[in-house]
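The values are calculated or read from the model by the stated rules, or taken from the named source; none is laboratory data. This is a predicted model, so every value here is computed, not measured. Virtual Cβ from ideal backbone geometry, glycine too; neighbours counted across all protein chains shown. SASA here: full protein model, heavy atoms, side chains in, ligands and nucleic acids out. Shrake-Rupley method; radii C 1.70, N 1.55, O 1.52, S 1.80 Å.
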Amino acid sequence: MNIPDGVKRIDYYAFWYCRSLESLDIPDSYSEELRYKTIEGCTGLKKLKLSKNISRIEENLSGLTSLQEVNINNGSANYMSEDGVLYNRDKTELICYPNDKQQEDYVAPESLIKILNGITSKKLKGITLLENVSEIKVGFAGCLNLEMINVDKDNQYYSSEDGILYNKDKTELICYPNNKKQQSYVMPDNLTEIPGDFSNKNLKSITLSKNITNWGCSSENFENLQELNVNEDNLNYSSEDGILYNKYKTEIICWPSNKQTEKYITPDNLKILPWNIDLSNLKSITLGKSIEKIDYYLGNLNNLQEINVNEENQHYSSEDGVLFDKNKETLLQYPNNKEGESYTIPISVQKIGKNEEYNSWEGFGFNEKIKRITLTRNVEQINFDFSYCTKLQEINVDTDNSYFLSENGILFDKDKKKLISYPPDKEQEKLVIPKEIERIDCNFCYCTKLKEISVDENNNSYSSEDGILFNKDKTILLYYPANKDGESYTIPTNVTMIGYFPISEKKSICVGGFGMNKSLKNITLNANINGVDLNGCEKLQEINVDKDNQYLMVEDGVLFTKDQYVLISYPNGKEQTSYTIPDTVKLINFAFVTNLKELVIPSGVEKGFFSKCPDLQVIIKAGSNLTMRDLKNWGLSESQVTFE
C-alpha cells in the first residue's frame, strides 16, 4: 500500500493487525514518529519503506514476522538503510534486522557499536560482529536457526569460541546459538553467568562449570536434553544421574526435558517433588526419606507401575506399589499402569484422594487396567472421580461401611441420595435413576456401553427424554448416551446449557454432555447454546447452529464462536482430508480426528489443543510466532509439523 504523498499524520492503530498487508510505503510528507501499535500485528507485511523525514520509530518492528526489508529514502536526518536493514543515521546502532530477511549470514558493519533490540531472524545461520560492537542489550535468542556467532579478535568487549558468544573474558555467556549442531556443551571454567533464554534444540548433554552461580533456564529451552552434569568443585549445584540439584540435593533445579529414565529414586535429602518436571517416562518412582511434599501430579504418569517410599519417610508410605499418607489413612495415588484387575482398599484407609475441594484425578487417576474396586468399612470420604478408569466394571462396598453402598456395582452414598460413580465399562445398556437421587456426581463421558438413561418421573432434580438425561426442567442437557442409536439430533429449544449441573454459584459438575457418542453424524444446536464439547463424537460429520444463535456460528460444518475467534469443534467424522483454518481464528481445539490428514494453521493462531491426532500433519503459515516448543505443549510431535 502506498500512502498518498501529502499525508502528514498516521494515527495510532491505523494498520493494527492488518495481517493481509504485504507492503507499506510512507511518503516523505510524513515527518512525525512511527507511533506505537501503528503497524503492530501486521504479520503478513514483507516490505516497509519509511519517510526520510520520520522523526522517531516508537513501534517495535521485531514483531513483524514476515518482514523481509526495511528501506528509507536518502537524506534522512535520523536513519539509514543498507541491504534492507535499518540503522541510525551514522550506522552505529542496529534498529531493525527484518525477521524474514532472505539471507543466512549477517556481517555487522564496521561502524556498528550497539545492538539494542536484538535480532529474531528465522533465516540467519551465522552472525559476525566486528571490533567496534560494545553493547548488546537484547541478543539473538530469537534466531531459531542460528548455528554460529563469530567475533572479531580485536573486539574489546565480546569474544566467541566454537561459535558461541561470550563477554571478553568468558565469565558471561551472551548467546548460545539455538541451532548449533553439537550435542554436548562443557562450559568454560571461568564462566559464572548464563542468560535465562539460553536454549538449543540439539543439545543432549550440558556440563556446568565450577563457577556457575545462576542456572535459571527452563528445561523446555532444550527439547532434546538428556543430562545435566556439574563440575564437582561447583559450590552451588550438584548432579546425580544427569539431574541438576542444588549443592546438597534438597531441591531439584532442572530435570532434562528428554531424559529417558524409567526408574527414579529421589536423593535422601530431597524434600519436595516439584510440579515443573517431566517424569512421563517413569515406570517406577521411590520417594526418599526426606520427601515431605509432592507437588507433582503423579496421576498424569500413564506408564507408572509402582510408587515406593523409603520406610524412614515421616510423611508418606506405600504398600504394593500404591502411595498412602504415613498412617495409611489416605490413599493418595494408585499408579495408572499398575498391573491387576482387582483391588481392595486397605482396612486402615478412611479417605481416597487428598483434595477436598473438588473431585480430582488423584486416587486411581487414569488407570485403564483395573476392573473391580472394593471399598472397605472405614472409607468415609472420596475426593476422586472413578470416571477415568475406563476399564472399571464394578465398585463394591463392605456392608459395614457407614458412608457408602453399592448396588449392582454402582456406587451411591449410604442414603442413596447421591449417585457417586457409575463404572465406565459396566456391561449394562440402560440406567434407571430412582426418585430418591438428589445429585449425580459422576461423569458418564467414558461410559461407552450405555444406550439409555431413564429417570423416575417423581425425581425432583433430574428428568429424561428419549433416553437422554436432563435436569428437572430440561434446560440443561446433561448426558447423551455414548451408545445411543441415531445419526441425527436437534437440541430442544429450551436447553441453554450442555454437560454441566450447577451445585452452587461457583461450582458445576461435569456429567458428560455428548461424551464419546459412537453414532451421531449430525447435531443441530439451538439459539440458546453458548458452548459445547463435541470432540468425543467419533462419527460426527456436520454441526449446524440455529441462525438466531448469538454466541456460535458454523462454517463448512465446523463450529466457531460467533466472531470466529475460537474454533470450538471440528467434526471427527468429517470426510475431507485437508482443512485450512480461517484467518480470524486465534484459539483452536482438535481431538480424535480420523479422516483429516492435513491442517493449515494461519499465522494469527496463538493457542491450541490437540488430543489423539497421531496421523495429522500440520502446516504453520509464514508469519506465525509459534515455535516447535509451543506445538509440543499443544500435543503435537515434531514429525507432524511443517513451518512455511
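In table form, for the structure just shown:
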{"read-out": "Pair list, Cβ under 7 Å, 6 or more apart: region 170-194 residue among the small types (Gly, Ala, Ser), other residue open to solvent by 40 Å² or more (accessible area, probe 1.4 Å)", "value": "184/204"}
{"read-out": "Subset of region 26-39 [open to solvent by less than 50 Å² (accessible area, probe 1.4 Å) and under 29 Å from residue 605 (Cα atoms)]", "value": "26, 34, 35, 37, 38, 39"}
{"read-out": "Of all residues in region 40-49 being modelled with pLDDT of 90 or more and open to solvent by less than 30 Å² (accessible area, probe 1.4 Å), the one that is farthest from residue 67 (Cα to Cα)", "value": "48"}
{"read-out": "Single residue of region 85-102 satisfying the filter (open to solvent by less than 50 Å² (accessible area, probe 1.4 Å) and in a loop (DSSP other than H, G, I, E, B)) that is nearest to residue 127 (Cα to Cα)", "value": "97"}
{"read-out": "Considering residues of region 509-540 that are open to solvent by 60 Å² or more (accessible area, probe 1.4 Å) and of a type in the set (S, T, N, Q) only, the residue modelled with the highest pLDDT", "value": "528"}
{"read-out": "Leading residue by the ranking (nearest to residue 46 (Cα to Cα)) among those in region 115-130 that are modelled with pLDDT of 95 or more and out of contact with any Phe, Trp or Tyr (no Cβ under 9 Å at 6 or more places or on another chain)", "value": "125"}
{"read-out": "Residue 588 vs. criteria modelled with pLDDT of 90 or more and more than 28 Å from residue 519 (Cα to Cα)", "value": "no"}
{"read-out": "Options 395, 373: the member that is touching a helix residue (DSSP H, G or I) at 6+ places or on another chain (Cβ under 7 Å), part of a strand (DSSP E or B) and not hydroxyl-bearing (Ser, Thr, Tyr)", "value": "395"}
{"read-out": "Whichever residue in region 55-83 is over 33 Å from the mean Cα position of the chain (by Cα), open to solvent by less than 50 Å² (accessible area, probe 1.4 Å) and of a type in the set (A, V, I, L, M) and, among such residues, is nearest to residue 37 (Cα to Cα)", "value": "57"}
{"read-out": "Matching option when the condition is under 25 Å from residue 622 (Cβ atoms) and in contact (Cβ under 8 Å) with a residue 24 or more places away in the chain, among 119, 127", "value": "119"}
{"read-out": "Lone qualifier among 583, 615, 548 - being in a loop (DSSP other than H, G, I, E, B), touching a residue at least 60 places away in the same chain (Cβ under 8 Å) and of a type in the set (D, E, K, R)", "value": "583"}
{"read-out": "Output for region 503-525, where each listed residue is free of Cβ contacts under 8 Å to residues at least 60 places away in the same chain and not β-branched (Val, Ile, Thr)", "value": "504, 505, 506, 508, 514, 517, 519, 520, 521, 522, 525"}
{"read-out": "Index of the failed condition, residue 75 passing every other in (1) under 21 Å from residue 625 (Cβ atoms); (2) in a loop (DSSP other than H, G, I, E, B); (3) of a type outside the set (D, E, K, R)", "value": "(1)"}
{"read-out": "Answer from 621, 612, 607, 574 - the residue that is open to solvent by 40 Å² or more (accessible area, probe 1.4 Å), within 21 Å of residue 521 (Cβ to Cβ) and basic (Lys, Arg)", "value": "612"}
{"read-out": "Matching residues in region 108-134 - criterion: being in a loop (DSSP other than H, G, I, E, B), open to solvent by 20 Å² or more (accessible area, probe 1.4 Å) and either touching a Lys or Arg at 6+ places or on another chain (Cβ under 7 Å) or not hydrophobic (A, V, I, L, M, F, W, C) (or both)", "value": "110, 111, 116, 117, 120, 122, 123, 125, 131, 132, 134"}
{"read-out": "Members of region 1-44 found to be farther than 22 Å from residue 100 by Cβ and either in contact with a Cys (Cβ under 7 Å, 6 or more places away or on another chain) or touching a residue at least 40 places away in the same chain (Cβ under 8 Å) (or both), listed by number", "value": "28"}
{"read-out": "Within region 8-38, tally of residues that are over 20 Å from residue 78 (Cα atoms) and not aromatic (Phe, Trp, Tyr)", "value": "9"}
{"read-out": "Region 135-145, residues that are more than 12 Å from residue 165 (Cα to Cα) and open to solvent by less than 40 Å² (accessible area, probe 1.4 Å)", "value": "142, 143"}
{"read-out": "Flag for residue 184 being over 30 Å from residue 102 (Cβ atoms) and open to solvent by 10 Å² or more (accessible area, probe 1.4 Å)", "value": "yes"}
{"read-out": "Residue within region 588-601 that is outside any loop (DSSP other than H, G, I, E, B), open to solvent by 50 Å² or more (accessible area, probe 1.4 Å) and in contact with a strand residue (DSSP E or B) (Cβ under 9 Å, 6 or more places away or on another chain) present", "value": "yes"}
{"read-out": "Candidate set from region 487-500 (those that are hydrophobic (A, V, I, L, M, F, W, C) and either buried (at least 21 other Cβ atoms within 10 Å of the Cβ) or within 15 Å of residue 554 (Cβ to Cβ) (or both)); member that is modelled with the lowest pLDDT", "value": "498"}
{"read-out": "Selection from region 618-644 of residues that are among the hydrophobic types (A, V, I, L, M, F, W, C), part of a strand (DSSP E or B) and under 21 Å from residue 221 (Cα atoms)", "value": "620, 641, 643"}
{"read-out": "Residue list for region 608-644, restricted to those being under 19 Å from residue 534 (Cβ atoms) and basic (Lys, Arg)", "value": "612"}
{"read-out": "Flag for residue 556 being surrounded by fewer than 22 Cβ atoms within 10 Å (Cβ to Cβ), under 19 Å from residue 596 (Cβ atoms) and in contact (Cβ under 8 Å) with a residue 24 or more places away in the chain", "value": "no"}
{"read-out": "Residue check, residue 452 open to solvent by 50 Å² or more (accessible area, probe 1.4 Å), more than 28 Å from residue 582 (Cβ to Cβ), in contact with a strand residue (DSSP E or B) (Cβ under 7 Å, 6 or more places away or on another chain) and not small (Gly, Ala, Ser)", "value": "yes"}
{"read-out": "Candidate set: region 375-389, residues that are open to solvent by 40 Å² or more (accessible area, probe 1.4 Å) and modelled with pLDDT of 95 or more; chosen: the one farthest from residue 351 (Cα to Cα)", "value": "377"}
{"read-out": "Every residue from region 137-148 that is among the aliphatic types (A, V, I, L, M) and at pLDDT 95 or above", "value": "146, 148"}
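Every residue, every condition in (1) within 20 Å of residue 348 (Cβ to Cβ); (2) part of a strand (DSSP E or B); (3) open to solvent by 40 Å² or more (accessible area, probe 1.4 Å), yes or no:
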residue	(1), (2), (3)
391	no, no, yes
399	yes, no, yes
402	yes, no, yes
412	no, yes, no
415	no, no, yes
425	no, no, no
432	no, yes, yes
435	no, no, yes
